[in-house]
Amino acid sequence: MHARPGALQVGSFRGVPIRVHFTLLLALPLLAFSFGAAFQQAASAAEVAPESLGGHPLLWGLGVAVGLFVSVLLHEMAHTSYALRHGGEVHGITLMIVGGVSELAEVPKRPRDEALMALVGPLTSLGLAVVLGLVTWLMHGLGAFQWQFACFTLAMLNLVLGLFNLLPAFPMDGGRIVRAALTPRLGVVKATRVAAALGRVFAVLFGVWGVVTFNPFTLVIAFFVLMGAEAESKQVRMRVALERVQVGTLMTPRVVGVDLDLSMMDAQWALRREHVSVLPVTSGGRPVGRVTWAAVQALPEEQRAGCIVRDAMEDGVVAEPHEDGWTALRRMAEARVPLVAVVDEEGLLAGTLGWEDLQRGMTRAEQESERTGTRPGWRRERPA
């Protein structure tokens, strides 16, 4: 299970890694300074003596910034918990400069479950806003200005977080709710297009607002909303197309790889002969790894004849002919490999499946869908 680049794992939740992206470390000092300045202004307006604040305003600002990202983490944990209970698959939770993201490898199968999975995150944020608002009210008159300020600020931030994520557009949670509501009538592809189009509209609005108000953070949000909408739309089109095609019809037939005990010079000529950058490594006809052109190039030319493939090969990924293309693509993405070895019933090499094979299969499936007028999507649910 690979982390996204620039992310460091700091814990786990129900077996799901929790990671912190380096952009969060850039955001924390900026947020701490901003919240610290607001804290100082609020204390001055309330005529609170500096010596009674119980610490430097910057420290209280840092505490509020950390509390904000803890709130974001609880928001994402709510998504993850519901997804895992209803057939979803989550590869990680990553906190970054624009908030957090639950890396869903597989969403719940039914539209209702996806809608509820999306809804529990904003509801968690709104619930935190209510609780923190109540705590703020209970502390009134107790002389604990600093704690009252922190709770009030976090209450407002959670309120904004919850409402923002309910916007009906990808990649916000509201976009998933819109997609789930439209899927039974339009199919998942067209429903995703609608939610992604709404995401582009909101991205433009955020961008215009960021320019008008000279707010760079709003421009960053606009960029991430736009990229998220485009990525979601593309991923759904790929998934729907490739789920309908088996690996056996997509693969390039290949019964010979590079034997485990050959030299890297032999691997070099095999890669050149096949005009590819990677080939499976086999032992007795069974795939046991992969050898890449990069591994060949890493060796000085005079050493390639004396180096055995087994010493330079990398781990490989295997698929079976009856599996669908989307399953194979997910396996490739998770292992970060450009090719999988396809094996027959006896475990012998039968072919290889690379990105070009998957692209051809996706194009073929989309053309077939347009020709037959089929509308892929989740199965309809019967009313209770």
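The values are calculated or read from the model by the stated rules, or taken from the named source; none is laboratory data. Not measured: the values here are computed from a predicted model. Reconstructed Cβ throughout: ideal geometry from the backbone, glycine too, with neighbour counts over all protein chains shown. Ligands, DNA and RNA are stripped out before the accessible areas are found, and what is left, the full protein with its side chains, is counted by its heavy atoms. Shrake-Rupley method; radii C 1.70, N 1.55, O 1.52, S 1.80 Å.
Going by alpha carbons, how many degrees (0 to 90, nearest 10) lie between the helix axis of 173-186 and the longest principal axis of the chain?
Result, in degrees: 50.
How about segment 23-122: which trypsin sites (Lys or Arg not before Pro) there are in a DSSP loop, with at most 10 other Cβ atoms within 10 Å of their Cβ?
Answer in residue order: no site qualifies.
With P(r) over Cα pairs in 10 Å bins from 0, in percent defined as stated, name the option among [x] 5, 23, 30, 23, 13, 5, 1, 0; [y] 5, 24, 33, 24, 10, 3, 0; [z] 5, 18, 24, 21, 16, 10, 5, 2, 0 computed from the structure displayed.
Computed from these coordinates, P(r) over Cα pairs in 10 Å bins from 0, in percent corresponds to label [z].
Once you place label points 7 Å from the Cα toward the Cβ at H322 and R364, how far apart are they in nm?
2.0 nm
Taking 0.36 nm per intervening residue step and subtracting the Cα-Cα distance, what contour gain separates R310 from S277 on full extension? Intermediate results must be reported in sequence, preceding the final value.
On the way: separation 33, 0.36 × 33 = 11.88 nm, distance 1.73 nm.
Length difference between fully extended and current span is 10.2 nm.
Could you work out how far apart the two model spin labels at Q41 and K234 are, taking each label as a point 7 Å from the Cα in the direction of the beta carbon, and quote it in nm?
About 4.0 nm, to one decimal.
With a cap of 10 neighbouring Cβ atoms within 10 Å, and only residues DSSP puts in a loop, list the trypsin sites (Lys or Arg not before Pro) found in segment 322-364.
Details: sites: R330, R331, R336, R360, R364; in loops: R336.
Passing sites in segment 322-364 are R336.
Taking only Cα atoms, what is the 0 to 90° angle, nearest 10, from helix 145-165's long axis to the longest principal axis of the chain?
Orientation of helix 145-165: about 40 degrees from the principal axis.
Measuring from label point to label point, each 7 Å out along Cα→Cβ, what is the S34 to V160 span in nm?
Result for the modelled spin labels: 0.6 nm.
Against the longest alpha carbon principal axis of the chain, how many degrees, from 0 to 90 and to the nearest 10, is the axis of helix 325-335 turned?
Approximately 70 degrees, to the nearest ten.
What whole-number distance in Å separates the alpha-carbon centres of segment 211-229 and segment 252-290?
About 47 Å separates the Cα centre of segment 211-229 from the one of segment 252-290.
Provide the FRET efficiency to the nearest 0.05 for the A298-W355 pair, computing r from the beta carbons and using R0 = 25 Å.
Between A298 and W355 the formula returns 0.65.
Could you please state how large a percent of the accessible area of the chain is carbon and sulfur, counting protein chains only and using a 1.4 Å probe?
Numbers: 12620 of 20110 Å².
Looking at the chain in its full context, I get 63 percent from C and S.
Counting only heavy atoms of the protein chains, get the accessible area per residue of the chain (1.4 Å probe) and round it to a whole Å² value. Could you put the intermediate results ahead of the total?
On the way: 20110 Å² over 384 residues.
Each residue of the chain exposes 52 Å² on average to a 1.4 Å probe.
With a cut-off of at most 16 other beta carbons within 10 Å, and DSSP calling the residue loop, which GluC sites (Glu not before Pro) in segment 186-294 qualify? Please list them. Let's see the in-between values first.
Details: sites: E230, E232, E243, E274; in loops: E243.
Those satisfying the criteria are E243.
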